[in-house]
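These notes are about the structure you will find just below.
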There are 2 protein chains.
Amino acid sequence: MELLFKNISRYISLLEKERDLISSYWIVKHLERGEHLLEEGSICRYDAFVLEGSLKGYIIDPVSGKEEIIFLAISDWWASDLESFHNQTGSKMNITAISPTTVALISRSSFNELLEKLPKLERYFRIILQNYATALLMRMYFRNAQDAKSRYKAFLMKYPALNAQIPQYLIASYLGISAEMLSKIRAQKDL
Amino acid sequence: MELLFKNISRYISLLEKERDLISSYWIVKHLERGEHLLEEGSICRYDAFVLEGSLKGYIIDPVSGKEEIIFLAISDWWASDLESFHNQTGSKMNITAISPTTVALISRSSFNELLEKLPKLERYFRIILQNYATALLMRMYFRNAQDAKSRYKAFLMKYPALNAQIPQYLIASYLGISAEMLSKIRAQKDL
DNA sequence: TAAATAAATTGAACTGGTTCAAGAAATAAT
DNA sequence: ATTATTTCTTGAACCAGTTCAATTTATTTA
């Protein structure tokens with residue numbers, strides 16, 4: 001939980017008793033490799049902050065049955081289906097542990113209650129969403145504007161920690177390229 | 001400005017004097033067709049809310065010199081380079097009026113001051129950013145998971161107003177396909 | 001309303017990346 | 001340790017969508 005406080009403290013300052021208040025709203029949960037945090041069709045009951053391990057968020061193509069990676073999350077990242085969590089509607093997404101993982105969870109009702117009791121958290125969430133939206137916009141741009149190799153190079157620069165922890169075929173899908181293509185790119189000597 | 005209040009009121013309630021306070025922080029500006037709101041390299045000084053008309057946000061490819069549409073914005077939408085605005089750093093983006101356009105502008109310092117005086121606006125911005133991030137994630141997903149035709153069909157369903165107001169070649173770029181391809185898709189009878 | 005400019009269309013040649021298939025290497029389970 | 005499973009690699013055939021080029025249609029502007 002220390003990790004979450006540290007993350008929040010980057011944007012707003014917290015008093016001792018505010019930390020305690022925040023703490024009381026969260027549940028820590030452990031997931032085995034392959035265990036689901038969210039399954040397609042069900043409602044995203046919890047917003048998750050990753051304390052340790054790694055998760056993948058993905059959509060299964062109804063035709064080919066293939067996983068399309070939507071996001072990857074490791075320690076110090078958030079992982080949930082924003083839409084499903086906030087509207088409490090059925091999710092199109094699956095979230096599954098890639099490796100043994102520990103997450104801090106908060107339910108929708110707790111989330112609302114916590115924000116009412118501690119309105120300055122609105123600011124924290126506003127800022128991290130701002131950063132998230134910026135990152136997403138660039139990720140989308142790069143998918144069309146740059147070829148597979150440049151995208152992988154940019155990914156290596158930006159997320160070395162992800163590259164080290166996540167299997168290559170999932171990174172390929174995250175980048176919007178086939179696993180075979182990424183393998184061929186990595187085989188090239190001029191990276 | 002009434003449009004902005006209406007937009008905000010969808011998520012939080014505003015008192016008469018709060019509206020007045022908000023009003024005092026905004027500048028209304030008119031842009032001619034082709035006029036720039038933001039140019040690559042310069043700092044995004046204002047966050048813009050579109051009152052009337054249409055804007056395009058785009059990045060010019062350094063190699064081909066082609067415009068890559070990042071976003072399209074019409075009446076009742078926000079339009080700015082979030083990253084450049086919040087960090088006051090040089091932008092990679094251009095924002096230009098597609099047609100004669102009226103925008104409401106707020107500077108970074110006014111934005112901060114306004115949020116301090118009226119903290120409940122944090123909540124408004126948090127929620128619209130949440131929705132924005134959700135929309136972006138889906139837009140990115142569709143670019144890889146669906147073919148050009150399905151993307152255009154989904155676009156027609158989701159943004160009929162955009163389709164009616166924006167030239168076809170800009171919509172093509174927004175969807176991540178060539179103008180020629182979109183022309184061919186539209187020529188097909190089974191849309 | 002005519003000339004100039006911008007936008008849309010169409011066809012042919014091309015290509016970056018996919019898909020399929022089959023084997024090798026690495027990792028996990030017993 | 002050995003087996004089972006998952007991940008990675010490599011090559012060949014293929015294709016959705018691009019690029020280029022030339023023409024038509026629509027929209028501005030003087």
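The values are calculated or read from the model by the stated rules, or taken from the named source; none is laboratory data. The shown structure was predicted, so the numbers you read here are calculated from the model rather than taken from an experiment. Don't worry about glycine lacking a Cβ; one is built from the backbone with ideal geometry, like all the others, and counts go over all protein chains shown. Protein only, heavy atoms only, side chains kept; ligands, DNA and RNA dropped before computing areas. Shrake-Rupley method; radii C 1.70, N 1.55, O 1.52, S 1.80 Å.
For this structure, a couple of remarks:
- In the context of the full protein assembly, A:ILE106 retains an accessible surface of approximately 0 Å², using a probe radius of 1.4 Å and ignoring ligands and nucleic acids.
- Average Cα contact separation per residue, chain A, under 8 Å, 6 or more apart, as relative contact order %: 24 percent
- Helix-derived mean residue ellipticity, 222 nm - over chain B, DSSP H n ≥ 4, -39500 (n - 2.57), to 500: -14500 deg cm²/dmol
- Sorted shortest first, the separations between the A:ALA187 label point and its copies elsewhere in the assembly read 3.9 nm; each point sits 7 Å from Cα along the Cα-to-Cβ line.
- Nm distances between copies for B:LEU15, ranked from closest, using label points 7 Å along Cα→Cβ: 2.4
- Cα-based equivalent ellipsoid, the range A:19-66: semi-axes from gyration tensor eigenvalues, Å: 28, 13, 8
- Kirkwood Rh and Cα Rg combined as Rg/Rh, the range A:1-91: 1.02
- If R0 is taken as 45 Å, the Cβ-Cβ distance between A:LEU21 and B:ALA187 corresponds to a FRET efficiency of 0.15.
- Counting, for every residue in A:139-147, the Cβ atoms of other protein chains within 10 Å of its Cβ and taking the mean gives 5.
- GNM result for chain B, Cα springs below 10 Å: residue of B:GLN88, B:GLN168, B:GLN130 fluctuating most strongly: B:GLN130
- Restricting the calculation to alpha carbons of the range B:91-191 gives Rg and Dmax of 17.7, 55 angstrom.
- For the set A:LYS153/A:LYS184; B:LYS56/B:LYS120; A:LYS153/B:LYS92; B:LYS6/B:LYS29, the pairs lying more than 24 angstrom apart at their alpha carbons are B:LYS56/B:LYS120.
- Gyration tensor (alpha-carbon) shape descriptor, the protein assembly as shown, a/c threshold 1.5: oblate
- J(HN,Hα) series, the range B:24-39, from Karplus relation 6.51 cos²θ - 1.76 cosθ + 1.60, nearest Hz, glycine and proline x: 5, 8, 10, 10, 9, 9, 9, 10, 6, 3, x, 6, 8, 9, 8, 10
- Global form of the range B:99-151, assessed from the alpha-carbon gyration tensor, a/c cut-off 1.5: oblate
- Inter-copy label distances at B:TYR159, using a point 7 Å along Cα-to-Cβ, come to 2.4 nm with the shortest given first.
- Residue by residue along B:119-131, Cβ atoms of other protein chains within 10 Å of the local Cβ number 6 on average.
- Here is the tail figure for the range A:65-130: Cα pairs spaced more than 13 Å apart come to 73 percent of all pairs.
- A compact globular protein would have a Cα radius of gyration near 2.2 N^0.38 Å; the ratio found for chain A is 1.09.
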